[in-house]
Amino acid sequence: MAVTAQTLIYGVIGDPVAQARSPLIFNPMFERLGHDGVMVAFHITPGALPRAIAGFRAIESLKGWLVTVPHKVQMFHLCDQVGDSGTRLQAVNAVRRAADGQLIGDNYDGLGFVAGLRGDGIEPRDLDVLMLGAGGAARAIAFSLAEAGVRRLVIANRTRANAEALAAATRGHFPSVAVEVADARAAGHDLIVNTTSAGLKPDDPLPLDPTALAPPTIVADIIMKPETTRLLALARERGCRVHFGRHMLDSQIPLLARHLGVPGT
Ligand code: ATR
């Protein structure tokens with residue numbers, strides 16, 4: 001499909017942004033849907049973000065944009081309306097520009113993880129979950145797992161104070177979910193989720209001692225490269241079902257497309 005003067009524009013903003021994969025996913029999607037749109041990357045530094053967004057508001061043919069590091073929090077403050085998930089996280093990863101120029105944001109990181117579980121046949125409701133890590137991704141996942149109605153969420157993190165802070169925030173938003181902080185122990189959970197960066201490199205330490213891993217515990221990682229992290233390989237060797245990092249992204253794509261207002265999504 002040729003880019004013409006009628007083509008609607010979508011963006012992905014970041015600093016750096018050259019590594020962003022969204023254009024490689026969304027442009028073929030537009031083609032498949034027969035949607036006359038194009039997604040391009042905008043490299044915007046943090047200091048220039050308010051000016052760039054003020055300009056974006058004025059562009060009628062710019063329909064929305066995805067937000068990557070480091071802009072998710074600053075972009076939250078530049079939106080006119082933000083959905084529940086983005087409001088809880090005080091960070092957005094998708095923004096739609098409404099017809100009147102209003103900017104409507106939300107965050108789909110955690111919702112993507114939960115949708116990915118469900119797409120893989122794993123219903124989080126009533127599960128006992130051990131989450132490893134307490135960073136930005138963990139925060140999004142903790143809130144979405146709590147929203148999905150897990151029975152118990154145990155948070156284990158290298159720096160315990162970060163786990164305590166995340167546990168308190170999760171309890172604050174979802175008082176009915178039992179949230180605890182503990183050391184990472186493999187035994188006795190329905191689902192274990194690694195949200196730490198341990199596993200990106202082959203010589204990284206394991207985020208959990210795998211010796212006590214056993215079915216029916218399911219082990220999930222949000223790391224996408226390598227697809228089979230050492231943790232997942234060891235879990236599989238012990239007979240556990242594994243859930244890959246790509247599910248979180250794959251399942252987030254339709255949610256992002258709908259937020260951007262892509263017709264037919
Ligand atoms: P992201 O936004 O991708 O979640 P982050 O906010 O930097 O990244 O969070 C990284 C998480 O991985 C944190 O929970 C971090 O633990 P600390 O709070 O102690 O920093 C965890 N992490 C990073 N490297 C780790 C390692 N080698 N072993 C265990 N945990 C690690």
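The values are calculated or read from the model by the stated rules, or taken from the named source; none is laboratory data. Only a predicted model underlies this, so the values are computations on that prediction, with no experimental measurement involved. Here Cβ is always computed from backbone atoms with ideal geometry, including for glycine, and neighbour counts include all displayed protein chains. Remember, those area values only see protein heavy atoms, side chains included, never the ligands or the DNA or RNA. Shrake-Rupley method; radii C 1.70, N 1.55, O 1.52, S 1.80 Å.
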Quiz item: Restricting attention to region 36-56, does a residue exist that is open to solvent by 10 Å² or more (accessible area, probe 1.4 Å), modelled with pLDDT of 95 or more, under 18 Å from Pro254 (Cβ atoms) and not in a helix (DSSP H, G or I)?
Solution: yes
Self-check item: Sole exception among (1) within 19 Å of Arg246 (Cβ to Cβ); (2) touching a strand residue (DSSP E or B) at 6+ places or on another chain (Cβ under 9 Å); (3) of a type outside the set (Lys, Arg) for Val150, by number
Solution: (1)
Quiz item: Can you list the strands (runs of 3 or more DSSP E) found entirely within region 58-122 that contain at least 1 residues being open to solvent by 10 Å² or more (accessible area, probe 1.4 Å) and in contact with a Cys (Cβ under 8 Å, 6 or more places away or on another chain)?
Solution: 103-106
Exercise. Would you tally the residues in region 123-136 being more than 16 Å from the ligand (Cβ to nearest atom) and buried (at least 19 other Cβ atoms within 10 Å of the Cβ)?
Key: 2
Quiz item: Which members of region 115-132 meet the condition of being free of Cβ contacts under 8 Å to residues at least 60 places away in the same chain and of a type outside the set (D, E, K, R)?
Solution: Gly121
Quiz item: In region 137-184, what residues are open to solvent by 60 Å² or more (accessible area, probe 1.4 Å), closer than 22 Å to Gly116 by Cβ and within 14 Å of the ligand (Cβ to nearest atom)?
Solution: Arg139
Self-check item: Selection status of Ile192, under 17 Å from Gly110 (Cα atoms) and more than 9 Å from the ligand (Cβ to nearest atom)
Solution: yes
